[in-house]
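Here is the structure we will look at, set down as structure tokens.
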Amino acid sequence: MNVRAILAIYQFEMARTARTIFQSIISPVISTSLYFIVFGAAIGSRITEVEGVSYGAFIVPGLTMLSLLTQSISNAAFGIYFPRFVGTIFEVLSAPVSYLEIVIGYVGAAATKSMMVGVIILLTAGLFVDLEIRHPVWMAVFFVLTAVTFALLGFIIGIWAKNFEQLQFVPLLIVTPLAFLGGSFYSIRMLPEFWQTVTLLNPVVYLISGFRWSFYGQADVDVGLSLAMTLFFLFLCLAIIWRIFKTGYRLKT
């Protein structure tokens with residue numbers, strides 16, 4: 001394992017964050033805080049509690065996960081797409097660096113940046129509501145697994161995309177709607193039985209449910225199933241990336 005190569009890629013990507021701190025850190029935190037204020041104040045005044053938890057506190061895990069998903073994808077997608085766009089990716093591919101080390105460097109940096117945003121959002125939410133974390137270890141497990149998994153997805157999107165429009169297509173038109181419909185702001189148990197069944201087809205439901213369980217001990221689906229679905233998606237992304245590097249899909253042309 002070429003640790004020096006991994007650190008070089010990782011530090012380069014993290015340095016880019018420092019140069020664009022408003023876009024990378026401050027902007028998503030402000031956006032999520034506005035979601036929290038608007039939904040917490042507007043809806044929270046009408047829905048005081050959800051399953052024994054104040055509505056303001058109930059939506060914190062969902063909002064954190066929403067930001068974590070979108071930021072992980074965005075950071076990883078842009079991180080690999082820009083070298084492809086300007087042609088510097090060929091320097092990385094021709095260097096004595098394995099594909100695994102390239103993925104660890106880019107995905108590790110993207111996941112780190114998204115987790116920084118997630119932690120800041122949790123700390124900010126603590127100023128508005130009383131947060132309770134019953135299972136901190138499992139909270140950290142879901143937090144890290146989600147960040148890494150969706151950073152891998154973003155890496156795939158960054159290789160697949162031919163232009164900046166395609167780069168934004170999946171995060172904006174697929175992932176964000178799935179997150180909103182995945183129980184970020186409500187429990188799926190509040191839905192009619194038919195729509196509860198339909199909602200279970202949304203993979204984001206399992207991520208948000210498992211993450212919320214680590215806070216309040218309540219989940220829409222079994223926590224073991226949530227963990228299994230997260231790991232399944234993680235290995236699926238790894239398999240796709242392995243195939244991409246094996247075939248050179250959109251990397252060697």
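When peptides 223-234, 83-94, 200-211 are sorted by average Cβ neighbour count within 10 Å, with the highest value leading, the order is 200-211, 223-234, 83-94.
Please say if segment 71-185 is rounded, prolate or oblate, where rounded means a/c under 1.5 for a ≥ b ≥ c the square roots of the C-alpha gyration tensor eigenvalues, and otherwise the choice is prolate for a/b larger than b/c and oblate otherwise? Verdict is prolate for segment 71-185. Stokes-Einstein diffusion for segment 110-158, with the hydrodynamic radius set to the Kirkwood value over Cα pairs and evaluated at 25 °C in a medium of 0.890 mPa s, equals 206 µm²/s. Once the convex hull of all Cα atoms in segment 1-129 is built, its volume per residue stands at 114 Å³. Taking other residues whose beta carbon is less than 14 angstrom from the beta carbon of Asn163, and scoring Lys, Arg as +1 and Asp, Glu as -1, yields +2. Working note: Cα gyration tensor of the chain, eigenvalues times five, square-rooted, sorted largest first, giving semi-axes of 34, 19, 16 Å.
Local charge for Ala5 was computed over the other residues whose Cβ lies under 15 Å away, with Lys and Arg +1 and Asp and Glu -1, and equals -2.
First check a/c for segment 147-187, with a ≥ b ≥ c the square roots of the eigenvalues of its C-alpha gyration tensor; if it is under 1.5, answer rounded, and if not, answer prolate when a/b is larger than b/c or oblate otherwise. Taking the square roots of the gyration eigenvalues as a ≥ b ≥ c, segment 147-187 is oblate.
Where in the chain are the DSSP H helices whose alpha-carbon span along the long axis reaches 27 Å or more and whose Kyte-Doolittle mean is at least -1.0? Span-like helices in the chain: 55-86, 99-125, 136-160, 223-247. Overall dimensions of segment 107-253, expressed as equivalent-ellipsoid semi-axes from the Cα gyration tensor (√(5λ), whole Å, largest first), are 29, 18, 15. Charge tally around Thr230: other residues with Cβ under 15 Å, Lys/Arg +1 each, Asp/Glu -1 each, net -1.
Throughout, read-outs are computed from the coordinates displayed, never taken from laboratory work. Remember, predicted model here, so these are calculated numbers, not experimental data. Reconstructed Cβ throughout: ideal geometry from the backbone, glycine too, with neighbour counts over all protein chains shown.
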